[in-house]
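Asks: Have a look at this one before I ask anything.
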Amino acid sequence: MAFVYEKISEADQGRFQSFNLRSPFNGRPLETRKWIVDRERDAYLVSMGGQGTYDSEIPMFHALIWNGNTINIDSFTTGTGDVSIGIEKFWKITRIEAPVDVREKEDELLDLIKDAFDAKGFAGSKDCVVNVHFDFIAAPEFRLGVKKLDHC
């Protein structure tokens with residue numbers, strides 16, 4: 001199975017709440033209605049707010065929950081084209097902060113990030129996206145104390 005961009009169902013609300021995500025702006029519990037999910041790989045990408053266009057100073061903040069690990073990702077994006085001829089997306093990943101438990105799977109993590117961001121498409125649809133490019137500005141930082149979910 002691949003990542004899909006979807007509305008968080010009533011049945012999945014408990015799963016989402018178990019991530020205990022907090023807004024990077026006010027520290028309150030994050031409220032969102034959509035995520036990008038690959039259930040087979042136990043991976044969930046959640047946008048947490050921000051700006052994130054190439055000409056902005058503030059990135060878009062994301063949390064990637066993967067096998068119970070919370071990976072914090074900052075990104076900027078732009079695109080060329082339009083929905084009638086196709087859109088070429090560009091992602092600049094400027095920060096990846098992950099638990100040390102993930103260090104041995106760094107290559108798999110980077111592939112997972114590409115797959116998840118590719119699934120975002122344009123305005124939640126992949127139909128009009130013809131190509132996606134990635135520029136990893138920063139290598140992943142693996143730290144002690146980065147959140148690992150207890151129940152996963």
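The values are calculated or read from the model by the stated rules, or taken from the named source; none is laboratory data. Only a predicted model underlies this, so the values are computations on that prediction, with no experimental measurement involved. With ideal geometry, Cβ positions are generated from the backbone for all residues, glycine too; neighbour counts draw on all protein chains shown. Side chains are part of the model used for accessible areas, which takes the heavy atoms of the whole protein and leaves out ligands, DNA and RNA. Shrake-Rupley method; radii C 1.70, N 1.55, O 1.52, S 1.80 Å.
Asks: Counting only chymotrypsin sites (Phe, Trp or Tyr not before Pro) that sit in a DSSP loop (anything but H, G, I, E, B) with at most 14 other Cβ atoms within 10 Å, what is the longest stretch of the chain containing none of them?
Replies: Excluding the exposed sites themselves, the longest stretch runs over 55-152.
Asks: Between residue 138 and residue 114, 0.36 nm times their residue separation minus their Cα-Cα distance comes to what?
Replies: Between residue 138 and residue 114, full extension yields 7.2 nm more.
Asks: Determine the calculated [θ] at 222 nm for the chain from helices alone, applying -39500 (n - 2.57) to every DSSP H run no shorter than 4 residues and normalising by the residue count; nearest 500 deg cm²/dmol.
Replies: Values: 2 runs with 21 residues, N = 152.
My calculation for the chain gives -4000 deg cm²/dmol from helical runs alone.
Asks: Using only Cα atoms, what is the ratio of the radius of gyration of segment 2-90 to 2.2 N^0.38 Å? Don't skip to the answer; put the middle values down first.
Replies: Numbers: Rg = 14.4 Å, N = 89, 2.2 N^0.38 = 12.1 Å.
Dividing the Cα Rg of segment 2-90 by 2.2 N^0.38 Å gives 1.19.
Asks: In segment 1-87, which GluC sites (Glu not before Pro) are in a loop and have at most 10 other Cβ atoms within 10 Å, using DSSP for the loop call?
Replies: 10, 31, 57
Asks: Give the residue list of trypsin sites (Lys or Arg not before Pro) in segment 1-101 that are DSSP loop and have at most 13 other beta-carbon atoms within 10 angstrom.
Replies: 33
Asks: Sticking with this structure for a sec: How big is the dipole moment of segment 1-120 about its Cα centre under a simple scheme where the beta carbon of each Lys and Arg is +1, that of each Asp and Glu is -1, and everything else is neutral? Debye, nearest 20, please.
Replies: 400 debye
Asks: For the chain, with a Gaussian network of springs between Cα atoms less than 10 Å apart, report the residue from 59, 29, 140 with the top mean-square fluctuation.
Replies: Top of the fluctuation ranking is 29.
Asks: At 1.4 Å probe size, with no ligands or nucleic acids counted, give the accessible surface of residue 85 in Å², nearest ten.
Replies: Rounded to the nearest 10, that gives 130 Å².
Asks: Starting from the Cα gyration tensor of the chain, multiply each eigenvalue by 5, take the square root, and state the resulting semi-axes largest first in whole Å.
Replies: Numbers: eigenvalues 112, 65, 48 Å².
Each semi-axis is the square root of five times an eigenvalue, giving 24, 18, 16 Å.
Asks: Continuing with this model, one more query. How much of the DSSP beta bridge set in the chain is antiparallel, as a percent to the nearest 5?
Replies: Roughly 75 percent of the DSSP beta bridges within the chain come out antiparallel.
Asks: Specify the angular offset, from 0 to 90 degrees and rounded to the nearest 10, of the alpha carbon long axis of helix 106-120 from the longest principal axis of the alpha carbons in the chain.
Replies: Relative to the chain, helix 106-120 is tipped by roughly 50 degrees.
Asks: What percentage of the solvent-accessible surface of the chain, computed with a 1.4 Å probe over protein heavy atoms, is contributed by carbon and sulfur atoms? Let's see the in-between values first.
Replies: Values: 3960 of 8380 Å².
C and S atoms contribute 47 percent here.
Asks: Any idea of the accessible area per residue across the chain, 1.4 Å probe, to the nearest Å²? Write out the running numbers ahead of the final one.
Replies: Details: 8380 Å² over 152 residues.
Using a 1.4 Å probe on heavy atoms only, each residue of the chain averages 55 Å².
Asks: Give me the orientation-averaged projected area of the Cα convex hull of segment 53-114, in nm², one decimal.
Replies: 5.1 nm²
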